[in-house]
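The values are calculated or read from the model by the stated rules, or taken from the named source; none is laboratory data. For clarity, every value in this text was computed on a predicted model and none was experimentally measured. For neighbour counting, all protein chains shown are included, and Cβ atoms are generated from backbone atoms with ideal geometry for every residue, glycine included. These area figures cover heavy atoms from the full protein model, side chains too; ligands, DNA and RNA do not enter into them. Shrake-Rupley method; radii C 1.70, N 1.55, O 1.52, S 1.80 Å.
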Amino acid sequence: MHFIPLAEGVEATSLATLSEGEFAEAVRQCKDAEAQRVYQVSSDVIKRQIGDEWILMPTGELAQRFNGMVSLSEVGDFIWEQLQVPKSLSQLLAAVRNEFEDSGHVIDIETSEFVLNYAFMGFLKEVESE
């Protein structure tokens, strides 16, 4: 499963009434918009290493909303480091594909889900593209 945020101008209430061609075009627009969104790590998150494990800890206001910590996998740590500077999802996907071997585009889905989930939690922030 992969959540696809709606692009500007695409209304959730009208998706069911679109023809097959119109629906395919709406999905394409949403995926294109998703790939161009730019993200960066939030300044309200600190990354700490405990042994061979990387842990993300929320601080400030984020710590009040998110009562816990997050442990990163090797891929998650790579993504986190990549997002120290703003990157679009398409730029991030290219970097992850270059770093890790993948068959079947699993890494693409996992990277997209990482970004969307961490943005939802407030660990990543969407920033204006330059």
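A few points about this structure:
- Listed by first and then second residue, the pairs linking a residue in segment 5-20 that is loosely packed, with under 10 Cβ neighbours inside 10 Å to a residue that is outside any helix (DSSP H, G or I), with Cβ atoms under 9 Å apart and 6 or more places separating them unless they lie on different chains, are Ala12/Leu6.
- Breaking point among (1) in a helix (DSSP H, G or I); (2) at pLDDT below 90, for Glu81: (2)
- Search result, residues across segment 58-74 that are under 18 Å from the mean Cα position of the chain (by Cα) and either part of a strand (DSSP E or B) or in contact (Cβ under 8 Å) with a residue 40 or more places away in the chain (or both): Pro58, Leu62, Phe66, Val70, Ser71, Leu72
One line per residue, one yes/no per condition, for (1) polar (S, T, N, Q); (2) within 18 Å of Ala7 (Cβ to Cβ); (3) in contact (Cβ under 8 Å) with a residue 24 or more places away in the chain; (4) in contact with a Ser or Thr (Cβ under 7 Å, 6 or more places away or on another chain):
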{"residue": "Arg28", "(1), (2), (3), (4)": "no, yes, no, no"}
{"residue": "Gln91", "(1), (2), (3), (4)": "yes, no, no, no"}
{"residue": "Val96", "(1), (2), (3), (4)": "no, no, no, yes"}
{"residue": "Glu99", "(1), (2), (3), (4)": "no, no, no, no"}
{"residue": "Glu126", "(1), (2), (3), (4)": "no, yes, yes, no"}
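- Residue selected from segment 23-79 under the condition surrounded by 12 or more Cβ atoms within 10 Å (Cβ to Cβ) and among the acidic types (Asp, Glu), by the criterion nearest to Gln91 (Cα to Cα): Glu34
- Note on segment 111-130: residues that are open to solvent by 100 Å² or more (accessible area, probe 1.4 Å) and assigned to a helix (DSSP H, G or I) total 1.
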